[in-house]
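A.B. asks: Sharing a structure with you now.
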Amino acid sequence: MGKAENERMIKYLLDSNYVDKKVAEAMRKIPREEFVPQMYREYAYSDAPLPIGAGQTISAPGIVGTMTKELMADKGMNLLEIGSGSGYQAAILAEIVGERGRIYTVERIPELIELARKNIERLGYRNVEFIYGDGTLGHLDKAPYDRIIVTAGAPEVPKPLIEQLKSGGRMLIPIGPIFHQNLVLIEKNEKGNIKETNLLPVMFVPLLGKYGYKEGQV
């Protein structure tokens, strides 16, 4: 377990066109095994989602890579993540945006915030801020955002996230029925007009909140 397995995973992601060179380089520095429970670490570098507790999962590397590539994040950007999970996606984005960039990640499950924070801090990243709350409301205090990434499936795009996306920004969000969504790319042009593009079918846990699914629906 370690660098060799991570390198094999990254080669697979490159060969499958799930990632580009920039995303691959970031993922190369982030050991996925650090973000999965001990009992699942032997599967850390397989292209599959894994349980992380509280009924949540860490996404498959192929999905993480695809979303990161399509997000087109860059140095110094201000990013919003909805759904911290165990911190793997945030760590990759933190590597990409660098010290001048900032990742704000919103999570509704306190135990996952603590898990993700410990994982991120253990790897030495200081440009990630964790917020407890309803992810469908975004995080108005630090808006607007160059990029927004949502790692749970919503019935529709939450209005606050559209409002908090900067002109010229990009958002990735799974949209559709519970556990059966399309990964949608949202692009906002300089005039504030929105373009939506369906990228591929995905299966994420439901996004709960005011502008997402309600507890009784899940």
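The values are calculated or read from the model by the stated rules, or taken from the named source; none is laboratory data. In this text, all values refer to a predicted model and were calculated from it rather than measured experimentally. Virtual Cβ from ideal backbone geometry, glycine too; neighbours counted across all protein chains shown.
A.B. asks: Would you point out the residue of the range 176-199, among those that are among the aliphatic types (A, V, I, L, M) and within 15 Å of Ala154 (Cα to Cα), that is farthest from the chain's Cα centre (by Cα)?
C.D. replies: Out of the qualifying residues, it is Ile178.
A.B. asks: Please enumerate the residues belonging to the range 123-143 that are in contact with a strand residue (DSSP E or B) (Cβ under 7 Å, 6 or more places away or on another chain), surrounded by fewer than 20 Cβ atoms within 10 Å (Cβ to Cβ) and in contact (Cβ under 8 Å) with a residue 60 or more places away in the chain.
C.D. replies: Lys142
A.B. asks: With the requirement that a residue be of a type in the set (A, V, I, L, M) and under 13 Å from Val64 (Cα atoms), what does the range 15-43 give you? Full working, then the answer.
C.D. replies: The first filter runs over the range 15-43 and keeps only residues of a type in the set (A, V, I, L, M), leaving 19, 23-24, 26-27, 30, 36, 39.
Correct list: Val19, Val23, Ala24, Ala26, Met27, Ile30.
A.B. asks: For Leu50, only one of the following conditions fails: (1) touching a Pro at 6+ places or on another chain (Cβ under 9 Å); (2) buried (at least 21 other Cβ atoms within 10 Å of the Cβ). What is its number?
C.D. replies: (2)
A.B. asks: In the range 29-49, which residues are without any contact (Cβ under 8 Å) to a residue 24 or more places away in the chain and part of a helix (DSSP H, G or I)?
C.D. replies: Gln38, Met39, Tyr40, Tyr43
Yes or no, residue by residue, for (1) of a type in the set (A, V, I, L, M, F, W, C); (2) modelled with pLDDT of 95 or more; (3) farther than 22 Å from Leu200 by Cα:
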| position | (1), (2), (3) |
| --- | --- |
| Leu13 | yes, yes, no |
| Ser16 | no, yes, no |
| Lys21 | no, yes, no |
| Lys29 | no, yes, yes |
| Glu42 | no, no, yes |
| Gly53 | no, no, yes |
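A.B. asks: Would you point out which residue out of Pro37, Pro31 is at negative phi and under 17 Å from the mean Cα position of the chain (by Cα)? Before the answer, list the steps.
C.D. replies: Numbers: Pro37 fails: under 17 Å from the mean Cα position of the chain (by Cα).
Going through Pro37, Pro31 in turn, just one is at negative phi and under 17 Å from the mean Cα position of the chain (by Cα): Pro31.
A.B. asks: Follow-up. Which ones in the range 195-218 are in contact with a helix residue (DSSP H, G or I) (Cβ under 8 Å, 6 or more places away or on another chain), outside any strand (DSSP E or B) and surrounded by 13 or more Cβ atoms within 10 Å (Cβ to Cβ)?
C.D. replies: The first filter runs over the range 195-218 and keeps only residues in contact with a helix residue (DSSP H, G or I) (Cβ under 8 Å, 6 or more places away or on another chain), leaving 199-200, 202, 206-212.
Add one more test, that the residue is outside any strand (DSSP E or B), and what stays is 207, 209-212.
Leu207, Gly209, Tyr211, Gly212, listed by residue number.
A.B. asks: Also, I was wondering about something else. Kindly list, by first and then second residue, each pair from a residue in the range 187-208 that is in contact (Cβ under 8 Å) with a residue 60 or more places away in the chain to a residue that is assigned to a loop (DSSP other than H, G, I, E, B), limited to pairs with Cβ atoms under 6 Å and residues at least 6 apart or on different chains.
C.D. replies: From the range 187-208, the pairs are Phe204/Ala152; Val205/Ala152; Leu207/Ala152.
A.B. asks: Test Ile113 against the stated conditions and say whether it is at negative phi, touching an Asp or Glu at 6+ places or on another chain (Cβ under 7 Å) and outside any strand (DSSP E or B).
C.D. replies: On the way: at negative phi: yes; touching an Asp or Glu at 6+ places or on another chain (Cβ under 7 Å): yes; outside any strand (DSSP E or B): yes.
Criteria met by Ile113.
A.B. asks: Quick one: what pairs do we get from the range 151-168, first residue over 24 Å from Phe179 (Cβ atoms), second hydrophobic (A, V, I, L, M, F, W, C) and assigned to a loop (DSSP other than H, G, I, E, B), C-beta under 7 Å, 6+ apart or different chains?
C.D. replies: Gln164/Ala143
A.B. asks: Here's another thing I want to ask about it. Checking Ala73 against (1) over 21 Å from Glu111 (Cα atoms); (2) among the small types (Gly, Ala, Ser); (3) not in a loop (DSSP other than H, G, I, E, B): exactly one of these is not met. Which one?
C.D. replies: The single condition Ala73 does not satisfy is (3).
A.B. asks: Does Ala91 satisfy being assigned to a helix (DSSP H, G or I), under 11 Å from the mean Cα position of the chain (by Cα) and aliphatic (A, V, I, L, M)?
C.D. replies: Numbers: assigned to a helix (DSSP H, G or I): yes; under 11 Å from the mean Cα position of the chain (by Cα): yes; aliphatic (A, V, I, L, M): yes.
Taking the combined requirement at face value, the residue satisfies it.
A.B. asks: On to the next question. Suppose we filter the range 84-118 for residues that are of a type outside the set (Val, Ile, Thr) and surrounded by 24 or more Cβ atoms within 10 Å (Cβ to Cβ); how many remain?
C.D. replies: Step one: of the range 84-118, the residues of a type outside the set (Val, Ile, Thr) are 84-91, 93-95, 98-102, 104, 107-108, 110-112, 114-118.
Checking the rest, the ones that are also surrounded by 24 or more Cβ atoms within 10 Å (Cβ to Cβ) come to 84-91, 93-94, 107, 116.
Adding up the residues that qualify gives 12.
A.B. asks: For the range 146-194, which positions are assigned to a loop (DSSP other than H, G, I, E, B), surrounded by 14 or more Cβ atoms within 10 Å (Cβ to Cβ) and hydrophobic (A, V, I, L, M, F, W, C)? Explain how you work it out, then say what you get.
C.D. replies: Narrowing the range 146-194 to residues assigned to a loop (DSSP other than H, G, I, E, B): 151-152, 155-158, 176-180, 189-193.
Restricting the remaining residues to those that are surrounded by 14 or more Cβ atoms within 10 Å (Cβ to Cβ) gives 151-152, 155, 157-158, 176, 178.
Result: Ala152, Val157, Ile178.
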